[in-house]
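To start, the structure itself, in structure tokens.
Please treat every number below as a calculation from the coordinates, not as lab data. None of the values given here were measured: they were computed from a predicted structure. Note: ideal-geometry Cβ built from the backbone for every residue, glycine included; neighbour counts use all protein chains shown.
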Amino acid sequence: MEALQDKIMKEGTVLSDRVLKVDSFLNHQVDPELMQKIGKEFASRFQEANITKILTIESSGIAPAVMAGLYLGVPVVFARKRRSLTLTNHLYTSQVRSFTKNETNDISISKDFISSEDMLLIIDDFLAEGQALLGLLNIAEQAGAEVAGAGIVIEKGFQQGGRIIREQGVRVESLARISSLENGTVQFTEEVLN
Ligand code: 5GP
């Protein structure tokens, strides 16, 4: 997606060979116009998939997921990273190892909000090692819900997440695919690398 690639080139900062910082439009400050375009693009790619609900994870998946939900006309549920006091054992829970923070979180979703009737579209900001997506897929499985695919804003194709998830037969649509962050430079590719 051209508008997204342009934004990454203009405002993204390469923190290391493996980490891209996009705090000015996705991970801290949010660019609503860009999110709207992203939501529209996800919606058009999954228009025929009979999606009933979008599943994402707090906090950076929420903005693109809400925009996609708006265009698809379906609700958006986000997994919480900490068990809230108001949620007790009426939960689906899974463990996610965070690539950027180097910690493991329990993620959970109330059983009220996904069921075996659902056809889910999973949305997240980044795909790196695939742990966040695996956690969400695991929750979908616990609920007996079907997953039509995953919409990813930025896929880092040089990490193994994309391969792991696609090998499970899950359709992955990413709007920007990065092949390298070496030498402080972002390289994009159209190809699925792994
Ligand atoms: P994974 O579970 O695929 O390893 O990583 C996905 C999660 O890690 C994303 O939801 C995102 O929050 C975070 N993440 C992974 N790589 C990056 C990166 O290069 N930059 C930023 N800002 N977040 C990342």
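Observations, loosely collected:
- Summary value for segment 57-125: 37 percent relative contact order, contacts being C-alpha pairs under 8 angstrom separated by 6+ residues.
- Shown for Thr189, Thr104: other C-beta atoms within 10 Å of each C-beta, ranked fewest to most, produce the order Thr104, Thr189.
- Debye log10 I(q)/I(0) at q = 0.17 Å⁻¹ for segment 38-112, Cα point scatterers: -0.72
- Helix-only arithmetic for the chain: the sum of -39500 (n - 2.57) across DSSP H runs with n ≥ 4, divided by the residue total, places the mean residue ellipticity at 222 nm at -8500 deg cm²/dmol.
- GNM top mover of Val14, Val66, Val147 - the chain, alpha-carbon springs below 10 Å: Val14
- Between the amide H of Leu91 and those of Lys111, distances stay under 5 Å, these residues lying 5 or more places away or on another chain, with hydrogens modeled in the peptide plane.
- Distant alpha-carbon pairs in the chain (separation over 24 angstrom), percent: 35
- Residues Met67, Met119, ranked from the fewest to the most other C-beta atoms within 10 Å, line up as Met119, Met67.
- Segment 77-175: C-alpha gyration tensor shape, a/c 1.5 cut-off, then a/b vs b/c: oblate
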